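Working notes, structure below.
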Amino acid sequence: MSREDGKVRNRIRDLRIERGWSQQDLADAVGASRQTINAIEQEKYSPSLELAFRLTRVFGEEFEEVFRYVRGDG
Amino acid sequence: MSPQENRVAAELALWGALLLFIWMRLTDGTVILGQSLGTVIVEQSPGRLLWTYVAAGVIAAIGQLIIRAVVFRKEKDAPADERERFIERKADQVAYGAGVVTVHLVIGHVLLVAFFDRSDVVALDFTSTAGILLVLLTVLLVQEIVRGVATLVLYRRT
């Protein structure tokens, strides 16, 4: 099997702004720091599965509506 | 900067100051801040070496206590989350690598001195009590400094 390079993209910034939440509001809701939310939004940091599920649940969305895996530079 | 970054930056300054203190106590060369610092290791009595070692430990402990006292309340309000723990683990790996590289550099240096048997050609002869104390404390502090720098860089990049 060949290794596939890809990247996890997310819509957290869009979803957060749609709901009128600040980064700190979201951070408090999922038990992370504001800096971590900022890093996830900028796609500098990929959250653990646990945090990714917590984020999805807070937004009330399906997992793949929030996160998606993009092959290559996507 | 987050409370964690503030603490790391303060600790970095502490380790840098401690490294300077140890080199000022154990080496001779250029005069900086009224103290001599250079590439010649100064042989000292066991009592003075012990004093330097204990003083370094006391400075490190008091410095850490002050830093924790100033930053601790903020850290308590915002405990480290998974990204911060990830950064700490990565920084530990980088520091371990730096420690290994530094030890190998010291081994190479010691062998070079032994091979040529000319400590006047190769500066810093570590094969003395003061030299051993200097090199061991330097390796420890270099590791801590690399850990701090790596942590701050990772906070910017991750």
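Descriptive notes on the structure:
- Heavy atoms of residue B:62 accessible to a 1.4 Å probe, total area in Å² rounded to 10: 90
- In region B:1-31, burial by the other protein chains removes 20 Å² or more of 1.4 Å probe accessible surface, compared with the chain on its own, from B:2.
- Overall shape: rounded for region A:6-69, with the ratio a/c of the largest to smallest alpha carbon gyration tensor axis below 1.5.
- Per the accessible-area calculation with a 1.4 Å probe, the total area buried between chain B and chain A rounds to 800 Å².
- Between 0 and 90 degrees, the angle of helix B:3-26 with respect to the longest Cα principal axis of chain B falls at about 10 degrees.
- At least 20 Å² of accessible area lost relative to the chain alone, listed for region A:1-37 with a 1.4 Å probe: A:33, A:35, A:36
- For residue A:61, the accessible surface of its heavy atoms amounts to roughly 60 Å² (probe 1.4 Å, protein chains only, rounded to the nearest 10).
- Taking the 1.4 Å solvent-accessible surface of chain B as the whole, the part contributed by carbon and sulfur is 68%.
- At the residue level, residue B:52 shows approximately 0 square angstrom of accessible surface with a 1.4 angstrom probe and all protein chains present.
- All Cα pairs of chain B, percent lying beyond 27 Å: 34
- Projected onto planes of every orientation and averaged, the convex hull of the alpha-carbon atoms in the protein assembly as shown covers 18.4 nm².
- Heavy-atom surface analysis with a 1.4 Å probe gives region A:6-69 a carbon and sulfur content of 44 percent of its accessible area.
- Per residue, the accessible area of the protein assembly as shown comes to 61 Å², computed with a 1.4 Å probe over protein heavy atoms only.
The values are calculated or read from the model by the stated rules, or taken from the named source; none is laboratory data. Predicted, not measured: the structure shown is a model, and the values here were computed from it. Just the protein is used for accessible areas: all its heavy atoms, side chains included, with ligands, DNA and RNA removed. Shrake-Rupley method; radii C 1.70, N 1.55, O 1.52, S 1.80 Å.
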